[in-house]
Amino acid sequence: MAHSPVEALDPALRQTLARLGDEGWEMWARFDREVRSRRWHPFVPAEYDRVLVALAALRQPGLRFLEFGSATGIVTVMADLLGYEAYGIELDDALVTLARATAVRYSSGARFATGSFLPQGYVWRPRDSDGRLGTVGEGASGYLKLGKSLEDFDLVFAYPWHGEEAMMLDLLRNHGAPVAGLLLQCVSGEVQLFRKGRLERSWASPREAEHDAT
Ligand SMILES: C[S@@+](CC[C@H](N)C(=O)[O-])C[C@H]1O[C@@H](n2cnc3c(N)ncnc32)[C@H](O)[C@@H]1O
């Protein structure tokens, strides 16, 4: 039987990635208790093991990875440990501090910037609604701090709230590299890869087979 891309990883790396995921859930539990129980906050973590399967399947030497709204940095550090050149942009400065500490604990070169993943001047103009950004917050664009633009990335990951997927596809179509992939964990849990606005591949769960869209 074919191995999953995660099973094919070096055992020591798999162990480190499992520890990182566990730590991510502990950080989330603390954040939920200390912050979200007092006020609403948009940070809800992606299912790290599902995202890991997709990142392991898509990795190639030298790929540049960006996480939109990188929160505690778990997915970005995961990408770095898998060999991507990994960056995260997050609006909440307190979360960026936690993400940088995560990178240090895992001797990761992942880099984080406080700011918005929306490029300066970006306006979302959907045909069939009013262009409200949902839970996506506003702030100075984070790209300058990274010395990069959205166009510089090969793979972008986000865990959008329901209804925010179309804006992210629009963002990639208008400001991303022509062949860049957009990897989304949807609220259904499925992880989907889009390229040029089209669904290319999806991962239903770590144990289920992946599907190529045709
Ligand atoms: C649903 S959470 C996903 C967190 C993380 N990507 C994960 O999958 O575990 C969305 C994150 O995006 C951040 N965020 C919201 N608007 C943003 C913006 N315009 N620029 C950067 N980060 C933003 C929130 O603070 C939150 O941490």
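The values are calculated or read from the model by the stated rules, or taken from the named source; none is laboratory data. As the structure is a computational prediction, the values presented were derived from the model and not from experiment. Neighbour counts run over all protein chains shown; Cβ positions are idealised from the backbone, glycine included.
Looking at the structure I just gave you, is Gly109 in contact (Cβ under 8 Å) with a residue 24 or more places away in the chain and at positive phi?
So Gly109 does not fit the description; no.
What are the residues in the range 9-32 that are polar (S, T, N, Q) and in contact with a Ser or Thr (Cβ under 6 Å, 6 or more places away or on another chain), if any?
Restricting attention to the range 9-32, the residues satisfying the condition of being polar (S, T, N, Q) are 15-16.
Within the range 9-32, none qualify.
Name the single residue, out of those in the range 1-30 being out of contact with any helix residue (DSSP H, G or I) (no Cβ under 9 Å at 6 or more places or on another chain) and small (Gly, Ala, Ser), that is surrounded by the most Cβ atoms within 10 Å (Cβ to Cβ).
In this case the residue turns out to be Ala29.
What's the number of the condition Gly139 fails, among (1) within 12 Å of the ligand (Cβ to nearest atom); (2) farther than 19 Å from Trp28 by Cα; (3) buried (at least 18 other Cβ atoms within 10 Å of the Cβ)?
Going through the list (1) within 12 Å of the ligand (Cβ to nearest atom); (2) farther than 19 Å from Trp28 by Cα; (3) buried (at least 18 other Cβ atoms within 10 Å of the Cβ), Gly139 breaks only (3).
Do we find that Gly73 is out of contact with any Cys (no Cβ under 9 Å at 6 or more places or on another chain), surrounded by fewer than 17 Cβ atoms within 10 Å (Cβ to Cβ) and of a type outside the set (Ser, Thr, Tyr) in this structure?
no
Filter the range 106-133 down to the residues that are touching an Asp or Glu at 6+ places or on another chain (Cβ under 7 Å) and closer than 30 Å to Gly62 by Cα, then identify the one that is nearest to the ligand (Cβ to nearest atom).
Initial filter on the range 106-133 (touching an Asp or Glu at 6+ places or on another chain (Cβ under 7 Å)): 108-110, 112, 114, 116, 124.
Checking the rest, the ones that are also closer than 30 Å to Gly62 by Cα come to 108-110, 112, 114, 116.
Values: Ser108: 16, Gly109: 19, Ala110: 13, Phe112: 11, Thr114: 9, Ser116: 4 Å.
This residue is Ser116.
Taking the stated definitions as given, is Glu34 modelled with pLDDT of 95 or more, more than 13 Å from the ligand (Cβ to nearest atom) and more than 19 Å from Gly137 (Cα to Cα)?
In short, yes.
When only residues in the range 149-163 that are more than 9 Å from the ligand (Cβ to nearest atom) and surrounded by fewer than 18 Cβ atoms within 10 Å (Cβ to Cβ) count, which is nearest to Val44 (Cα to Cα)?
His162
Looking at Val77, is it in contact (Cβ under 8 Å) with a residue 24 or more places away in the chain, part of a helix (DSSP H, G or I) and β-branched (Val, Ile, Thr)?
Here the answer is yes, as Val77 does meet what is asked.
Name the residue that is nearest to Gly142 (Cα to Cα), counting only residues in the range 47-67 that are surrounded by 24 or more Cβ atoms within 10 Å (Cβ to Cβ) and near the ligand (Cβ under 8 Å from one of its atoms).
Once the filter is applied, the top-ranked residue is Glu67.
Based on this model, can you work out whether Ala103 counts as within 15 Å of the ligand (Cβ to nearest atom), under 14 Å from the mean Cα position of the chain (by Cα) and more than 19 Å from His41 (Cα to Cα)?
Values: within 15 Å of the ligand (Cβ to nearest atom): yes; under 14 Å from the mean Cα position of the chain (by Cα): no; more than 19 Å from His41 (Cα to Cα): yes.
Criteria not met by Ala103.
Could you check how many residues of the range 140-171 are hydrophobic (A, V, I, L, M, F, W, C) and either in contact with a Pro (Cβ under 7 Å, 6 or more places away or on another chain) or more than 19 Å from Lys196 (Cα to Cα) (or both)?
Of the residues in the range 140-171, 7 are hydrophobic (A, V, I, L, M, F, W, C) and either in contact with a Pro (Cβ under 7 Å, 6 or more places away or on another chain) or more than 19 Å from Lys196 (Cα to Cα) (or both).
Would you please name the residue that is nearest to Leu91 (Cα to Cα), looking only at residues in the range 34-56 that are among the hydrophobic types (A, V, I, L, M, F, W, C) and not in a loop (DSSP other than H, G, I, E, B)? Write out each step before concluding.
Pass one, the range 34-56, residues among the hydrophobic types (A, V, I, L, M, F, W, C): 35, 40, 43-44, 46, 51-56.
Those still in the list that are not in a loop (DSSP other than H, G, I, E, B) too: 35, 51-56.
Values: Val35: 15, Val51: 21, Leu52: 23, Val53: 26, Ala54: 25, Leu55: 23, Ala56: 27 Å.
The residue in question is Val35.
Does the range 193-210 contain at least one residue that is modelled with pLDDT of 95 or more and within 11 Å of the ligand (Cβ to nearest atom)?
No, because not a single residue in the range 193-210 is modelled with pLDDT of 95 or more and within 11 Å of the ligand (Cβ to nearest atom).
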